Structures are given as structure tokens and as C-alpha cells.
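Taking it in order: structure first as C-alpha cells, then the write-up.
Just so you know, all these numbers are worked out from the coordinates, no wet-lab data involved. In this text the structure is predicted, and so the values were computed from the model without any measurement. Ideal geometry is used to build each Cβ from the backbone, glycine not excepted, and the neighbour counts take in all protein chains shown.
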Amino acid sequence: MSNADMERRLAAQLPEGDVVGILLEQHARIRDLFADVKSAEGEHKKQAFDELRALLAVHETAEEMIVRPVARETAGKKEAEARNHEEKEANKVLAELEKMDVRSAEFDARLAAFERSVVEHAEHEENEEFPSVHEGRTEEQLKRMGARLRAAEKIAPTHPHPTAAGSPAAQWSVGPFMSLVDRTRDAINAARR
């Protein structure tokens, strides 16, 4: 069984709308998209990377806004700060990848290293952060967090913004504005195709 399949299986065991279940499903999708980008060529590779980039940007922003403050209480400040630091670093790399030609060998090498760091980050969340969040909140609280996560994703930027990454406060203050900019840019770029 692949890691993505295992994440989906674990998510399916949780109540509908549970924040951890939603995040596990997204982790599985991120793994799928990495595989798609690595195996694709040409325009399909660019589209797959764009989808991966947007999902990662939205996912990490929403985690920082909704999950991290709770993890700070349940898993501890050190754990929450470690995950925020990893996301800040990942955001920088994602911004660099976004500027690269997806057809280049340099892109492929950088993507492979990035994938390793993203997978390691997800495993830290799944093994250290998510269990404490799950144990520290009731089922109803976890469902409310899931609803808040979904709402945050709707206002989250779709491109990396390293200056806000890693800081829940910065995500709340600049995230919605940057989301408008990003989503406008995405719509214009889609219309050009």
C-alpha cells in the first residue's frame, strides 16, 4: 500500500469533516501530484505543477491559520514552531520552483529535493502534530476546525509568499489580500491559454 493510500485509509476512518481527515486527504493528493509532475512532460507537466503549487500554498496557509494555534497548545510551542519553520522554508523553495522552466533538468533536481522535504514535513505532522491535536480536541471541535480550515482555504493565496509563510499572524493579515491578487492572476493566465 502506498503512503498516499494509507493516508486516505486513515482519513476515511475519521468522522466526516474532521480537520485531521481533511489534511490527510490533502497530503495524499500532494503525493499524487508530485508523482504526476515527475512523470509528465510539456504543458501537462506545467499544469500539474501549477495544481501542486496552488494546493501546497493553500494547504500550508490554512494549516498555519487554523491548526498551528491549536497544535501550539496540544503539541507544544516547540512542535508548532518547527512545523511553521519548515513551511516557511518550503514556501521559499516553492517560489523558486515557480520561476523555473519545468522542462529543465535543474527543475527536476530541485523538485526531487523539495518533494523529500515536503514528505518529511507531512510525516512530522502526521506522527507528532496531528495526534496531539486529535487527542486535545473533541470530535465537535475537530469538525469545527475542519469547517474553519475549508473557509481559510477559500481565502488563502494560491502562490507562495515567503514573507508571510511560517507566521499565523502574517497569514491572517496579508493572506486574504494576496489571495485576491493570486486568484486574479490565475484567472488571467487561464484566459490566455
Label point 7 Å beyond Cα of GLN13 along Cβ direction - residues of the range 138-156 with amide nitrogen under 16 Å: none
Just want the ordering: GLU135, GLU125, GLU51, from fewest to most Cβ atoms lying within 10 Å of their own Cβ. GLU135, GLU51, GLU125
In nm, give the distance between the simple-model label positions of ASN3 and ARG148, each being 7 Å from the Cα along the Cα-to-Cβ direction. 2.8 nm
Using the number of other C-beta atoms within 10 angstrom as an exposure proxy, rank ARG110, ARG8 with the fewest first. ARG110, ARG8
List the pairs from LYS45/LYS92; LYS77/LYS99; LYS46/LYS92 whose alpha-carbon separation is above 24 Å, in the order I gave them. LYS77/LYS99
Using the basic label-point model (7 angstrom from Cα toward the beta carbon), what is the GLU140 to GLU106 distance in nanometres? 5.6 nm
Quick one: length gained pulling GLU73 to GLU43 fully straight, 0.36 nm per residue minus the C-alpha distance? 6.4 nm
